[in-house]
Amino acid sequence: MKALQGIRVLDLGTFITGPFAALLLAEMGADVIKVEWPGKGDKFRADERGLYSPQFQAHNRDKRSIALDYSRPDGRDVLRELVRNSDALIANSRPGVMEKLGVGYGQLRSVNPRLIYCAITGFGADGPYAYRPAFDNVGQALSGWMSRHRRGDDPRVAGPAIADPVTSYYAAIGVLSALVERNRTGKGRLVEVNMLEAMVGLAIEPITSFFSLREPIPVFERAATSQAYNLTCKDGKRIGLHASMLDKFWQGLCRAIEREDWIGKYPTRADRIKGYENLAAELSKIFRTRDRDVWIARLEQAVVPFGPENELQDLESDPQIKHLDVFYEVEHPRHGKVKAPRRPVRLDGSRDIDVRPPPDLGEHTVEVLNEIGFAADRIAQLRSSRVI
């Protein structure tokens with residue numbers, strides 16, 4: 001089910017935002033060519049496992065790699081030829097970097113007027129922060145997102161990246177929208193996405209609440225309105241509950257924990273929101289009296305929205321994840337088996353595509369250059385001059 005079959009995307013990105021946006025398109029069938037610097041390639045390759053780090057693998061499946069020094073005139077000529085034969089280009093860098101290299105949108109538009117050029121930045125093309133370096137935690141902090149997920153002064157940052165992949169999703173949506181428009185107009189577009197606005201967009205609910213009320217929104221406001229709890233059981237395992245705003249789920253929870261008196265004590269949603277702190281404390285005590293398997297059976301019987309808190313090592317054995325066939329394995333000729341999640345999107349019930357393992361640096365250089373008409377002698381000349 002290659003919905004984007006026939007679409008070629010150049011991935012000039014590094015780290016997460018650009019590469020992951022390109023991966024999202026690759027998983028829908030686009031031919032993504034990752035253009036990397038000779039020698040080290042994408043900075044996320046690092047020096048782990050022969051420039052094949054887990055971080056690189058995560059964001060670069062289903063792509064081909066070409067090693068090309070496009071800071072040099074001969075290399076820039078090769079990139080321009082690639083642009084001539086491509087539909088979209090994705091890059092993530094500070095403003096002006098791509099222009100200095102001679103591969104900004106204004107410089108490539110004449111090469112291919114149909115090109116969709118996606119420029120991802122930290123803070124936008126201009127403004128007081130535009131030239132600052134930006135990474136995931138910076139986006140979380142500046143956008144207000146971090147303030148919604150933190151209490152206390154622990155300096156450590158928990159969890160995977162958030163701002164980076166969110167920006168990637170917006171970038172992919174922008175590219176897809178421009179491609180749809182191009183089918184009508186025949187014209188390319190400059191698609192601009194920045195991490196700051198992406199994260200502000202993700203926090204739309206608390207931000208809208210603040211604009212409506214014009215007063216600080218408590219950190220646990222949403223959890224209170226949703227009646228969401230993370231609870232530790234007797235065996236140390238955890239459960240996530242989300243009773244929502246519906247009375248039937250709240251009543252089911254009360255029956256499951258043998259506290260039917262709470263149905264009368266907290267009869268309305270407003271009562272439960274007001275009593276959230278007390279309820280959290282009481283539920284914490286109650287759930288520590290039985291093992292998680294016991295609670296799972298009770299909550300399931302009472303039709304309460306819940307989920308056991310899986311750790312990463314639990315995912316492969318989870319019954320629903322196994323049923324959905326979430327993970328796949330693919331063999332790389334040099335690095336062996338690579339395991340990863342399948343794309344989450346199904347089309348007519350299918351998500352089958354010919355998956356590719358993450359590429360070695362420059363693994364497909366000759367293959368790609370042959371496809372766009374480069375003869376063997378020219379490829380040899382580019383190699384001897386270390387452009388490729």
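The values are calculated or read from the model by the stated rules, or taken from the named source; none is laboratory data. The model shown is predicted, which means the values in this text are computed figures rather than measured ones. Cβ sites come from the backbone with ideal geometry, for glycine too, and all protein chains shown count toward neighbours. Surface accessibility is based on the protein's heavy atoms, side chains included, excluding ligands, DNA and RNA. Shrake-Rupley method; radii C 1.70, N 1.55, O 1.52, S 1.80 Å.
For the reader, a short list of remarks on this structure follows.
- Applying the criterion of being assigned to a loop (DSSP other than H, G, I, E, B) and surrounded by 14 or more Cβ atoms within 10 Å (Cβ to Cβ) to the residues of the range 373-388, the residue that is nearest to the chain's Cα centre (by Cα) is Ile388.
- Residue that is surrounded by the fewest Cβ atoms within 10 Å (Cβ to Cβ) [pool: residues in the range 161-184 that are of a type outside the set (D, E, K, R) and closer than 16 Å to Ala141 by Cβ]: Ile162
- Of the residues examined, Ile120 is not one that is open to solvent by less than 60 Å² (accessible area, probe 1.4 Å) and in contact with an Asp or Glu (Cβ under 7 Å, 6 or more places away or on another chain).
- Test: residue in the range 264-277 that is part of a strand (DSSP E or B) and of a type in the set (Gly, Ala, Ser): no
- Against the numbered list (1) over 17 Å from Val103 (Cβ atoms); (2) buried (at least 21 other Cβ atoms within 10 Å of the Cβ); (3) more than 15 Å from the chain's Cα centre (by Cα), Lys34 comes up short only at (1).
- Taking the criterion of being more than 20 Å from Ala163 (Cβ to Cβ) and open to solvent by 30 Å² or more (accessible area, probe 1.4 Å), the residues of the range 187-209 that qualify are Lys187, Arg189, Leu190, Ser209.
- Count - residues of the range 108-117 that are buried (at least 16 other Cβ atoms within 10 Å of the Cβ) and among the polar types (S, T, N, Q): 1
- Residue pairs whose Cβ atoms lie under 8 Å apart, separated by 6 or more positions or on different chains, with the first residue in the range 235-256 and open to solvent by 40 Å² or more (accessible area, probe 1.4 Å) and of a type in the set (Asp, Glu) and the second part of a loop (DSSP other than H, G, I, E, B) and at pLDDT 95 or above, are Asp235/Asp291.
- Close contacts from the range 166-192, counting a first residue that is free of Cβ contacts under 8 Å to residues at least 40 places away in the same chain and a second that is open to solvent by less than 20 Å² (accessible area, probe 1.4 Å) and aromatic (Phe, Trp, Tyr), with Cβ to Cβ under 7 Å and a gap of 6+ residues or different chains, come to none at all.
- Residues of the range 45-61 that are within 18 Å of Leu25 (Cβ to Cβ) and open to solvent by 40 Å² or more (accessible area, probe 1.4 Å): Ala58 alone.
- Among the residues of the range 146-155, the ones that are more than 21 Å from the chain's Cα centre (by Cα) and closer than 17 Å to Pro216 by Cα come to 2 in all.
- Of all residues making up the range 107-145, the number that are more than 17 Å from the chain's Cα centre (by Cα) and either within 30 Å of Gly188 (Cα to Cα) or without any contact (Cβ under 8 Å) to a residue 12 or more places away in the chain (or both): 23
- Pairs, first under 16 Å from Lys248 (Cβ atoms) and open to solvent by less than 60 Å² (accessible area, probe 1.4 Å) in the range 262-278, second part of a helix (DSSP H, G or I) and acidic (Asp, Glu), C-beta under 9 Å, six or more apart: Trp262/Glu282; Ile263/Asp247
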